[in-house]
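The next block holds one structure in the form of structure tokens; read it before the comments.
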């Protein structure tokens, strides 16, 4: 496609002008996003307060000097098999066919069985970090 030099120069000037405008306004756009986030957070906290829920504005201050030293005893759970498009998960050891799982009622809801054992994971996290705390903003 043939474009004359004057039209090409005009297109470049328009692009450069728009790019300069975007760079000039970038700080204002970032400030607007930050202010909207703070406003939304304050609205959520206000609604939670009106609903009678416990509202914690900032996370509690942790005194790290009172924590016991890390002894390396925590081991995070890993799945017994890897889901991969190249490996058939039914060929992994200890796996049942989907038809057999459906007949046994399956694991509906969250349970400690399954690939990751989330029940054990939650028990471990509770033992490390303590019981569930109210959400803070």
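Residues that are surrounded by 10 or more Cβ atoms within 10 Å (Cβ to Cβ) and assigned to a helix (DSSP H, G or I) within the stretch 40-62 comprise 40, 41, 42, 43, 44, 45, 46, 47, 48, 49, listed in sequence order.
I'd like to check something: does the stretch 26-34 contain any residue that is over 25 Å from the mean Cα position of the chain (by Cα), surrounded by 10 or more Cβ atoms within 10 Å (Cβ to Cβ) and outside any loop (DSSP other than H, G, I, E, B)? Checking the stretch 26-34: at least one residue is over 25 Å from the mean Cα position of the chain (by Cα), surrounded by 10 or more Cβ atoms within 10 Å (Cβ to Cβ) and outside any loop (DSSP other than H, G, I, E, B).
Quick check, is residue 77 part of a loop (DSSP other than H, G, I, E, B) and at pLDDT 80 or above? Answer is no for this residue. Restricting attention to the stretch 64-73, the residues that are farther than 14 Å from residue 130 by Cβ and in a loop (DSSP other than H, G, I, E, B) total 5. The set of residues in the stretch 31-47 being without any contact (Cβ under 8 Å) to a residue 60 or more places away in the chain and closer than 19 Å to residue 134 by Cα consists of 40, 42, 43, 46, 47.
The values are calculated or read from the model by the stated rules, or taken from the named source; none is laboratory data. Owing to the predicted nature of the structure, the values given are computational and were not obtained by experimental measurement. Methodologically, a virtual Cβ is constructed for each residue, glycine included, from the backbone with ideal geometry; neighbour enumeration extends over all protein chains shown.
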